[in-house]
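Below you'll find the structure, written out as structure tokens, and then a few comments.
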């Protein structure tokens, strides 16, 4: 049975570059608990629908990498169905749809396309030192209830801020990547609680050879720093809106 560790939590109210880069330097994930922004109060369903409306979006259904999984639809259609939990729970054969195959609007460039919304979120771009991380990119994620990602890693340092809802997140250090049984991590779902499907992370056969696995629950007003190279899995416990900000070093 693999050892489960909780991600460190930091209650600092004024996150600055010095604190942030101390975690980057130590390659250590951390939850910043007091990282609220006006979006938490302002981004009601009615407000987002009034701003974004019928903008065309591409919804992931939701495995990574396959363009056949991308379904175009109007933002209003996706968001309303998400809020009302109207997406199918079973496929055409009557089989339960796995969490990783549920609809998930990923990396939507909402903040760039609608600058008025960018004013409502923390200036996460400013937390990165542009002399080190020359490229900083932000994306919005809107997940249906019980949607999830596969285990994956990002191409930059990632600061994830939850605006609405709650996420269950699993992280594995780069030093343990070789110990992950990748086939099993895709085939067997991770079970969040007794009402969920799959195997609890501490008993999951894909991670039995790992030295430790980190977990955390991220709620509204909290941010998680995911260091570059860390394998992670994200389960949207309910309808979730979050903003990710990646800092990337460019090869000169």
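Quick note: the coordinates plus some simple rules give every number you see, no bench work behind them. This structure is a prediction, so every number in the text was calculated from the model and none was measured. Every residue, glycine as well, gets a Cβ built from its backbone with ideal geometry; the counts of neighbours run over all protein chains shown.
Comparing mean-square fluctuations of 194, 175, 147 from a GNM of the chain with C-alpha springs under 10 Å, the top value falls on 194.
Subtracting the Cα-Cα distance of residue 101 and residue 114 from their residue separation scaled by 0.36 nm leaves 1.9 nm. With the Cα gyration tensor of the stretch 54-211 giving a ≥ b ≥ c as the square roots of its eigenvalues, does the rule (a/c under 1.5 for rounded; else a/b larger than b/c for prolate; else oblate) give rounded, prolate or oblate? Note, shape of the stretch 54-211 comes out oblate.
Measuring from label point to label point, each 7 Å out along Cα→Cβ, what is the residue 4 to residue 129 span in nm? A separation of 3.7 nm, rounded to one decimal place.
Fewest to most neighbouring Cβ within 10 Å: what's the order for 46, 157? Can you show the working numbers first?
On the way: 46 8, 157 26.
With the fewest neighbours first, 46, 157 line up as 46, 157.
GNM remark for the chain: springs join alpha carbons under 10 Å apart, and the peak mean-square fluctuation among 95, 13, 220 falls on 95. Springs join every pair of Cα atoms under 10 Å in this Gaussian network model of the chain, and among 241, 142, 19 the largest mean-square fluctuation is at 19. Ellipticity at 222 nm from helices only: DSSP H runs of n ≥ 4 in the chain, each -39500 (n - 2.57), divided by the residue count, give -4000 deg cm²/dmol.
Among the DSSP beta bridges whose two residues both lie in the chain, what percent are antiparallel, rounded to the nearest 5?
If we restrict to bridges inside the chain, about 85 percent are antiparallel.
Model label sites at residue 150 and residue 219, defined 7 Å from Cα along the beta-carbon direction, differ in position by 3.3 nm.
Normalised by the number of residues in the chain, the average gap of Cα pairs under 8 Å and 6 or more apart makes the relative contact order 30 percent.
Can you sort 110, 135 so the residue with the fewest Cβ neighbours within 10 Å comes first?
Numbers: 110 23, 135 13.
So the residues, fewest neighbours to most, are 135, 110.
Ordered by the number of other Cβ atoms lying within 10 Å of each residue's own Cβ, fewest first, 92, 49, 224, 105 fall into the sequence 92, 49, 105, 224.
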